[in-house]
Amino acid sequence: MNERIEGATISLCMIVRNEHRHLARCLESVASAVDEIVIVDTGSTDDTRDIARRFTDRVYDFAWQDDFALARNYAFSKATKDFLFWVDADDVLEPQDAKRLIALKRTIGQNADVVMLPYYVGLNARGEPSLTYYRERLLRRSMGFRFEGAVHEAVAPRGRIVYGDAVIRHRKEGAGESGRNLRIYEKLIARGEPLDTRGLFYYARELRDHKRYEQALERFEEFLARPDGWIENRIEACRCAAQCLQALGRMEEAQAMRMRTFAMDLPRAETCCEIGAGFMAMQNYRAAAYWYERALACKKDERSGAFVQSACYDYVPLLQLCVCYDRLGERSLARAYNDRVGERWPEDAAYLYNKEYFERTDCTA
């Protein structure tokens, strides 16, 4: 066990299944920052358990019941330390983030019941996270926190909630289990179990992901009709429904669906970019440019809990404004937007392509 660090103690609680590829990497990245490791195996047929036992003797078997919350809560029940900390096997902490987690242990004992930590998902061509959001990662054990939801499980934060800076990074290798989440939802429905509001939102997303667009639209509208949907999910539901409408060729309805979000809260850059892309698809470049400019003006708030696509706040609108103004014949403005991309990302392939395009076409004009 690691050397005792003064302050709060942490139990790492994980559920795993066939994680030979990821588990050692995950545990090696986080072991120095925690005081106990609890691993619950839900039916591995590879050497996942053996890998887990290299790091802890707290390895338990749990019969999988198509319920992620049930499995995570079982892992919580085996923990003994002050705070419960959960990650997945395909997550990692960089060394600087492990140090930040250790620093948190010295301060949260009397100051927090829930610690929200940033989650980075995927990397774009510039080495930046494609998606960022905060999750409830450290939970005071004595508060009795429990996960809810058979799929896309979550803990409802309560008590003293603070935000930390230890980043958890999702680094999955290979494809996941296709269709698993949709199968679980439809099994629940077949049993006559009603979906709560959050579950309905995620079920609709699964339908969209499987290109069952008409069914997804029905479920998104059902979700939006409920009064208790979280505002960030309501905004996301409109955007997802718009994607379904666009896939069905209903472009004007898709744009109208996106604009419904403006009655809910301040515009999000993600929504503005999608509206801009919709107008570009209709070759209305003036309208597209308007919405990409609105995206640049939006404020990014990663602590709102929303799924933040950082590129929508700078990179995407700048590049698309370059394209829009070039199509409109306003080349000096188009070049200015491309130059703004180059100032920040001088090695970016799209910037360099555009730069060469302007130089070549200026010479032949």
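Here is how the numbers come out for the structure above:
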| read-out | value |
| --- | --- |
| First in region 59-82 and under 19 Å from VAL155 (Cβ atoms) and free of Cβ contacts under 8 Å to residues at least 24 places away in the same chain, second anywhere and assigned to a helix (DSSP H, G or I) and small (Gly, Ala, Ser), Cβ under 7 Å, 6 or more apart | none |
| Where a residue in region 17-40 is over 20 Å from LYS105 (Cα atoms) and its partner, wherever it lies, is surrounded by fewer than 20 Cβ atoms within 10 Å (Cβ to Cβ) and acidic (Asp, Glu), with Cβ under 6 Å and at least six apart | ASN18/ASP46; HIS20/ASP46; HIS20/ASP47; ARG21/GLU173; HIS22/ASP90 |
| Residue count, region 306-346 (criterion: touching a Lys or Arg at 6+ places or on another chain (Cβ under 6 Å) and under 16 Å from ALA288 (Cα atoms)) | 2 |
| Qualifying residue in region 138-150 (condition: within 29 Å of ALA311 (Cα to Cα), in contact with a Lys or Arg (Cβ under 7 Å, 6 or more places away or on another chain), at pLDDT 95 or above and part of a strand (DSSP E or B)) | no |
| Matching residues in region 193-215 - criterion: being within 10 Å of ALA237 (Cβ to Cβ) and aliphatic (A, V, I, L, M) | LEU200, ALA204 |
| Residue among ALA306, ALA277, ALA287, ALA254 that is closer than 26 Å to CYS322 by Cα and in the same structural domain as GLY329 (by TED's automatic domain parsing) | ALA287 |
| Pick from region 310-347, criterion in a loop (DSSP other than H, G, I, E, B) and of a type outside the set (Phe, Trp, Tyr), ranking: surrounded by the most Cβ atoms within 10 Å (Cβ to Cβ) | ASP314 |
| Residue tally, condition among the acidic types (Asp, Glu), exposed (fewer than 15 other Cβ atoms within 10 Å of the Cβ) and within 17 Å of MET282 (Cα to Cα), over region 246-265 | 1 |
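The values are calculated or read from the model by the stated rules, or taken from the named source; none is laboratory data. These numbers were taken from a predicted model, which means no experiment stands behind them. Quick reminder, even Gly has a Cβ in these numbers, built from the backbone with ideal geometry, and neighbours come from all protein chains shown.
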